[in-house]
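Notes follow once the structure below has been shown.
The values are calculated or read from the model by the stated rules, or taken from the named source; none is laboratory data. Since the structure is predicted, the reported quantities are computational estimates derived from the model, not experimental observations. Backbone-built Cβ (ideal geometry, glycine too); neighbour counts: all protein chains shown. Each accessible area value is taken on the protein alone, full model and side chains, heavy atoms only, with ligands, DNA and RNA left out. Shrake-Rupley method; radii C 1.70, N 1.55, O 1.52, S 1.80 Å.
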Amino acid sequence: MSSACTHLSICYTSSPHARTVGFERPDKAERLAAGEPTEAPLPEVKCVVDNPEIFPPPLILPGDELSEDPECPPQSYREWLREEERNPVTGKRRTVYVVPAPLVGDEVSFMKSWSMPRDGGETPRVHRPKFLDICDYLASFYHGLPVKALTQSPPKFMSWEESKKSKRPRRDPQYVGLRVADECVGIRTRACPDGVYSKQLNLDDLLDAAISMLPKDAYALLLLTDHDLYEDDEDTFVCGRAYGGSRVAVVSNARYNPALDALQSVDRLHAWPLSHCAEYMSTYYSISEPKTKRQKKSHSAKAQANQKPIGPNEPSPAPLDMAFSVGRSLAASDWTRDSLAALWLGRICRTASHELGHCFGIDHCVYYACCMQGTGSIQEDARQPPYICPVDQAKLLCATGTTEARRDRALLSFCERSELRETQFFAPLAAWLRAKSY
């Protein structure tokens, strides 16, 4: 996409492409009812939660997951409550554990190069997100439950051949071993199809290993990894996945490295909240959509009517407007090593909170732009918000036992850390949270 944008207006609707692919968003009455535990009608005062200036609909640009699967079924709060396979939080099983990336044993030291992109990309080189920062963010996102780092007896990669008493360990093995306590799990490897990394690890095998790490008091467990992942032969890569019923998730930070943005066509300028830029949405749609599928002018006029100009001297108090204004002001800033590190941290935190959400039984969201939306590409991932929508928040608050206000304060406190408060991911989120609380 273009490296320059005026960012003059916010679009509060889905793109015209949503109509093209046949996406039918639940109507307002259905959205409001979806967040309630009973069928009783909502009092009018609660209609504020459906305000598009706080919670706009999904963008649905060409290639997005809802574009490919427009009939993805919604999951209401009532359906979530009644889900028989959902694991309840109990007094004895309520801790969320986070496991750092496995250590690399000396006999497989060549694996360290597997986690380094072949193309160094842009400078400056950015350090990976700090493990404890990820834990702290998740403790804020899942406020109400203990979130703990599981660092005792850390998992460690080793030679699979050696674990099988072979005398010929190889530097390009089909399997590597992952030592978990007194068990060694075989992890399949393959060459990376697009060549961004030299080798990838199999996600399903890592999820199986994660299951064996679950402590007795764990509600859920998240395993982080520095290596690129794949799930099956058709995948180029995957960033993470959850076995919700087994209460485990695995997330890789490999593809979120900002140094790869140009290579992967990630439009950093139009990451959330500037993904709601009307100019960007119009340009993206006109470039990506075949002319035979373009919408009629009446549809375009309707979309235009749902745009709101942002004046430089009159910022709106609405949450999305405030986030947009902060994002626009930071868009002109030069990227530094610190701001790129914060961007990388924000990306991994958003995906980690999404995958753990599946462990709580929360399905992909179709009601709003929401961190529980499905993602069809690394480009879409950058456009999606880090916040959770009213329907999925109702599920989350029920599971964690906290309140919306307490959870918002915890997230705001994290975003206002001195090293994060002026960065392009966390500053807009902080502005959105502040405006939402008023």
Note to self: Contact list please: Cβ distance under 6 Å, first residue in region 344-373 and closer than 16 Å to Val248 by Cα and touching a residue at least 40 places away in the same chain (Cβ under 8 Å), second residue open to solvent by 10 Å² or more (accessible area, probe 1.4 Å) and assigned to a loop (DSSP other than H, G, I, E, B), pairs at least six apart or on different chains.
What the structure shows: Thr351/Cys239; Cys359/Arg247; Gly361/Glu83; Gly361/Arg86; Asp363/Gln75
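Going by the structure shown, is Pro155 more than 24 Å from the chain's Cα centre (by Cα) and at pLDDT 95 or above? Outline the logic, then answer.
Working: more than 24 Å from the chain's Cα centre (by Cα): yes; at pLDDT 95 or above: yes.
So Pro155 passes the test.
Among the residues of region 415-425, how many are surrounded by fewer than 20 Cβ atoms within 10 Å (Cβ to Cβ) and touching a residue at least 40 places away in the same chain (Cβ under 8 Å)?
Taking region 415-425 and keeping what is surrounded by fewer than 20 Cβ atoms within 10 Å (Cβ to Cβ), we get 416-419, 421-422.
With touching a residue at least 40 places away in the same chain (Cβ under 8 Å) added as a condition, the list becomes 419, 422.
Counting residues in region 415-425 that are surrounded by fewer than 20 Cβ atoms within 10 Å (Cβ to Cβ) and touching a residue at least 40 places away in the same chain (Cβ under 8 Å) gives 2.
Residue-wise test of (1) part of a helix (DSSP H, G or I); (2) modelled with pLDDT of 95 or more; (3) surrounded by 24 or more Cβ atoms within 10 Å (Cβ to Cβ); (4) among the acidic types (Asp, Glu).
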site: Glu355; (1), (2), (3), (4): yes, yes, no, yes
site: His358; (1), (2), (3), (4): yes, yes, no, no
site: Gly361; (1), (2), (3), (4): no, yes, no, no
site: Val366; (1), (2), (3), (4): no, yes, yes, no
site: Cys370; (1), (2), (3), (4): no, yes, yes, no
site: Asp381; (1), (2), (3), (4): yes, yes, no, yes
site: Gln393; (1), (2), (3), (4): yes, yes, no, no
site: Leu397; (1), (2), (3), (4): yes, yes, no, no
site: Arg406; (1), (2), (3), (4): yes, yes, no, no
Next item on the list: Can you give me the number of residues within region 250-273 that are open to solvent by less than 10 Å² (accessible area, probe 1.4 Å) and aliphatic (A, V, I, L, M)?
Entry: 4
Notebook entry, point to check: Among the residues of region 88-112, which ones are farther than 30 Å from Ser140 by Cα, open to solvent by 30 Å² or more (accessible area, probe 1.4 Å) and small (Gly, Ala, Ser)?
Noted result: Ser109
Check: Consider Leu221 against the criteria (1) touching a Leu at 6+ places or on another chain (Cβ under 6 Å); (2) more than 20 Å from Leu138 (Cβ to Cβ); (3) surrounded by 16 or more Cβ atoms within 10 Å (Cβ to Cβ): it satisfies all of them except one. Which criterion is unmet?
Finding: (2)
Next item on the list: Return the residue satisfying two criteria in turn: it lies in region 166-194 and is modelled with pLDDT of 95 or more and among the small types (Gly, Ala, Ser), and of such residues it is surrounded by the most Cβ atoms within 10 Å (Cβ to Cβ).
Entry: Gly177
